[in-house]
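Enquirer: Can you keep this structure in mind? I'll have questions shortly.
A short reminder: the numbers here are calculations on the coordinates, not readings from a lab. Just so you know, these numbers come straight off a predicted model, no measurement behind them. Note that we place each Cβ from the backbone using ideal geometry, even for glycine, and neighbour counts take in every protein chain shown.
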Amino acid sequence: MHSLTLLSLAAVGHAASTMLRFGCSQIVIDRIDPLVNPGQAPSPHLHQVVGGNAFNISMPSTDIAELATCTTCNYADDFSNYWTANMYFKARNGSFKRVPQVPNRLLFGDKFTTKTTGGFVVYYVSPGKGGVTAFKPGFRMLVGDANKRAQGSKSMKSQTCFRCYSGPNFGGDNAAPCADAKLDTEAFPKGPCLGGIRSNILYPTCWDGKNLDSPDHKSHVAYPTAGPQTFTGSSVGTTCPTTHPVKIPQIMLEIVWDTTAFNNKADWPADEKPLYLSTGDNTGYGQHGDYVFGWRGDALQRAMDAGCTGASCSNLKVLTNEEAAKCKVPERVNEKWEGWLDSLPGMTPDMIQ
Ligand SMILES: *[C@@H]1O[C@H](CO)[C@@H](O)[C@H](O)[C@H]1NC(C)=O
Ligand SMILES: *[C@@H]1O[C@H](CO)[C@@H](O)[C@H](O)[C@H]1NC(C)=O
């Protein structure tokens, strides 16, 4: 089972393409969002954050690698921040409990990623030397829509999906992310997932070449003219629109949620919708990801041009799990988000649906 994914990933990647895949431990869980709600503490919903310790209520549009002094990620030069909504389980009695994240499976001999604490895995894809332009200091973007509650006219399943593992040890992990017709869904899985659930969130691959951000944090980036690029591990799509001509690395976040403690349907609410994002979303369509670029110097461009795979790349320094785990930021909003809760953090009952 596992070797099949290894094979399919290896088969799609050409020798010269780059697919970084590396774990990052959680740096904090907090109800702040320096991209969408800068200066607000608390912000509307809770997030789980990985990456550098410059993460704060606000983050200036500057060289984050100069502000941060440590990172929870495998690559020592990556002081970026990546964050997503948390997942919660709602019991029959109406109480909520956070679904923990667990480390991802072993691939490419990368032990770091199998020993992270919370957090998730980050991918960066480039077709090879000169194929993409790395992000500039101050760059940030958002993918997905926290308010989305239905599929709408266009499925974005190739860019945001949940995989329902069919058994323990990442069972059923055979197809590329978001490419399994049965196990990958844009909405939350309908039944219990025997091996837990995996989220994949993919970012756009074209940039306008000028703006580091935009009012909606999205319009400065775009999808290729042929549509959002599926995850192949080697391509960022063929042609970018003339408005957004610059090809940027394809970033993908991959989160493994251990839902196995919540698989007993007798504990589920009567509507059989036990899973919620911290936004109050019980559809899953509102899955989204935030990104603030923070690689030091030209480290990301070098990696994108070097033809690297996984969690080691020539000339890039890596951390041990012990070093990465020492990197922390304090919680700025002190509230309870762990254990059985009467509601989702910051949510009144009318906001939860
Ligand atoms: C984070 O933000 C708070 C409030 O704006 C500020 O007091 C603090 O110095 C900041 N911390 C860092 C490490 O920048
Ligand atoms: C709700 O149900 C859960 C799971 O069955 C239980 O652990 C928790 O204590 C209950 N909470 C309340 C307030 O009864």
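Enquirer: Could you give the longest part of the chain that holds none of the GluC sites (Glu not before Pro) found in DSSP loops with at most 13 neighbouring Cβ atoms within 10 Å?
Expert: With GluC sites (Glu not before Pro) excluded where exposed in loops, the chain gives 1-271 as its longest stretch.
Enquirer: So what's Rg/Rh here for the chain, counting alpha carbon atoms and using the Kirkwood radius for Rh?
Expert: Using Cα coordinates only, the ratio equals 0.94.
Enquirer: At 7 Å along the Cα-to-beta-carbon direction for both Asp145 and Thr230, put a label point, then send me their distance in nm to one decimal.
Expert: 2.4 nm
Enquirer: With angles folded into 0 to 90 degrees, how steeply does helix 2-12 sit against the dominant principal axis of the chain? Use alpha carbons for both and round to 10.
Expert: 40 degrees
Enquirer: I would also like to ask the following. Give the peptides 227-235, 145-153, 311-319 in descending order of average Cβ contacts within 10 Å, highest first.
Expert: 227-235, 311-319, 145-153
Enquirer: Strictly over 19 Å apart at the Cα level, which of Lys190/Lys336; Lys111/Lys317; Lys148/Lys210; Lys111/Lys328; Lys154/Lys218 would you flag in this model?
Expert: From Lys190/Lys336; Lys111/Lys317; Lys148/Lys210; Lys111/Lys328; Lys154/Lys218, over 19 Å: Lys190/Lys336; Lys148/Lys210; Lys111/Lys328.
Enquirer: In addition: Expected output is a single nm value to one decimal: the length gained when fully extending between Lys129 and Asn264, i.e. 0.36 nm times separation in residues minus the C-alpha distance. What is it?
Expert: Stretched out fully, the Lys129 to Asn264 stretch lengthens by 43.7 nm.
Enquirer: Further question on the same structure: Based on the Cβ-Cβ distance of Lys190 and Phe108, what FRET efficiency does E = 1/(1 + (r/R0)^6) give at R0 = 45 Å, to the nearest 0.05?
Expert: After rounding, the FRET efficiency stands at 0.85.
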